[in-house]
Amino acid sequence: MLTNHLKREGDINSSQLRTEWMDQLNLISKEVIQADELVFVKQSMSTPCLNGIVDAKGSYLIDVNGNKYLDFHGNSSHQVGYKNPYVVDAIKRQIDELPFIPRRFTAEIVIKAANALINKTTSKDYKVLFTPSGSAAVGLALKIARKVTGRHKVISLWESFHGAGLDAISVGGEFVFKKDMGPLMPGTLKAIPFNGYRNLLKSESHEDVANFCLDHIEYMIEHEGEIGAIILEPIRATDTHIPPKSYFKRLREICDRNGILLIFDEVPTALMRSGKFYVHQNFDIEPDILVLGKGLGGAVIPQAAVLTRTKYDVAEEISLGHYTHEKPALGCAAICSTIEYIDDYNLEENCQIQSKYVKTKLDELYGKYEKIGDIRVAGLLISIELVKSRKTKEKNDELAEKVLYYCLNNGLSFKLSGGNCITWHPPLIVTKNELEFAVGLLEEGLKRFS
């Protein structure tokens, strides 16, 4: 029996439908998957692999048999598409000029990349540290908060994901990453996340739900005491829950009133995916610490960063990160070229145009198919929640998984979240025709299996 905690962050690799998918693969695919299993450690949501690929370009993956998949997953890293020429060429030039910078030195490219990230903030009042992964960036953000406030306790949210390191899963809210791990970091407290569709109040009022969640956080602060930070994803990446602006305004006030640092984890959602360069810019506030990753490397280089308010640059007597690639030449070439491509090709406008189009098309499906319980769209962060009944909101995991494998068999890749949510993160270069293709396949699947 599959347990629900395995479904929280992604689709299941051990279900009957996954077995059927594996069985229908040809010998070429099976051989590469078997070779993979011989050398890589097994883990939930990653093994066995779906297939082997030989190319990734633009919005598409090509598997070992030449089959093409429009990729609306991309590990949330392909904002500018795969094999983007701006990014690839910039990295090649950097390899020729200066591929590595030892920690005690600096170079123009890393200063340029840090400034590029700072200049995209609203206040431009931040300083930067680079890290090799989003999970490492979360840990570094927590260290900064402890140093600044002198307090180790941190509030995070149930159902959240902040990475897979021990510090990151301590503040994460998903059991699949904590199972069998034993004691985690002390002082990590969990609050109720905003969910406008499925919440404890059973309310459809986003304002009421927001206030309920924040009342709970204020209660925790009052009775727990000594809270140093609150960390959350402004928009939940896995299933696209979007709090109202009032939630963030009040949260900012709560933090300021109690001397708590506000940390936003935008690792999978920044770089224009939400319609704004940084997600929090949709809500007219700024965090004290901002965590970035994934798309920073242009779907080529693993790269992450922490931005902290300038006034919190107070840890010069300790080593916060001390990473081998603390001044990452290749990663910074990727950051600069990714941002330049977003700006030069006006991907903000494309994101907004395509977001409006896909929302309209999905709303049309909502009007036709009772199994669609909710549709949530913020820029090109998209979730379609499938239910057995709109009245009961009972999750329809079976339908979601059938639609997933139908779409995979017909050239569309995406992930499931929470068992019943179809989650799409198309790249910012996505076209109307590609979205039309995706919506069409989704409808075919709903027709076939509803």
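A short reminder: the numbers here are calculations on the coordinates, not readings from a lab. Given the structure is predicted, the values throughout are model-derived calculations rather than measurements. Please note: Cβ atoms are built from the backbone with ideal geometry, for glycine as well, and neighbour counts cover all protein chains shown.
If R0 is taken as 41 Å, the Cβ-Cβ distance between LEU27 and SER123 corresponds to a FRET efficiency of 0.10.
Which loop-located GluC sites (Glu not before Pro) does segment 208-288 contain, where loop means any DSSP state but H, G, I, E or B and the Cβ has at most 15 other Cβ atoms within 10 Å? Working shown, then result.
Values: sites: GLU218, GLU222, GLU224, GLU226, GLU253, GLU266; in loops: GLU226, GLU266.
Passing sites in segment 208-288 are GLU226.
Once the Cβ-Cβ distance of ARG93 and LYS178 is raised to the sixth power relative to R0 = 45 Å, the FRET efficiency obtained is 0.60.
Within segment 11-89, report the GluC sites (Glu not before Pro) that DSSP leaves as loop and that have at most 16 other Cβ atoms within 10 Å. Numbers along the way, then the final one.
Numbers: sites: GLU20, GLU31, GLU37; in loops: none.
Hits after loop and neighbour filter: nothing returned.
Adding -39500 (n - 2.57) for every DSSP H run of four residues or longer, then dividing by how many residues the chain holds, sets the calculated 222 nm ellipticity at -12500 deg cm²/dmol. For segment 151-214, GluC sites (Glu not before Pro) meeting the loop criterion (DSSP other than H, G, I, E, B) and having at most 13 other Cβ atoms within 10 Å: GLU204. Centroid-to-centroid, using Cα positions, segment 46-86 and segment 193-230 are 38 Å apart. In the chain, which helices (entire DSSP H runs) extend 15 Å or more along their own long axis, judged by Cα positions, while averaging at least 0.0 on the Kyte-Doolittle scale? Span-like helices here: 27-39, 108-119, 134-149, 329-344. Distance from the alpha carbon centroid of segment 250-291 to that of segment 380-405 works out to 29 angstrom. A Förster distance of 60 Å, applied to the separation of the beta-carbon atoms of GLU108 and LEU201, puts the FRET efficiency at 0.65. Calculated from the structure at hand, Rg and Dmax of the Cα atoms in Å is found among (i) 33.5, 114; (ii) 22.8, 67; (iii) 21.6, 63 as (iii). Close amide H contacts of ILE242 (hydrogens built in the peptide plane, cut-off under 5 Å, sequence separation of 5 or more or a different chain): GLY196. Cross-link pairs exceeding 21 Å in C-alpha to C-alpha distance, out of LYS153/LYS245; LYS276/LYS311; LYS57/LYS112; LYS57/LYS120; LYS294/LYS327, comprise LYS153/LYS245; LYS276/LYS311; LYS57/LYS112; LYS57/LYS120.
Net length available on complete extension from ALA164 to HIS152 is 2.3 nm, with 0.36 nm assigned per residue and the Cα-Cα distance removed.
For ASP344 and GLU20, calculate 0.36 nm times their separation in residues minus their Cα-Cα distance, and state this gained length in nm to one decimal.
Gain in length upon complete extension: 112.2 nm.
Segment ASP55..GLU316, full-extension length gain: 89.5 nm, with 0.36 nm per residue of separation and the alpha-carbon distance subtracted.
Packing, as the average of other Cβ atoms within 10 Å across residues, places the peptides 102-109, 297-304 in the order 297-304, 102-109, highest first.
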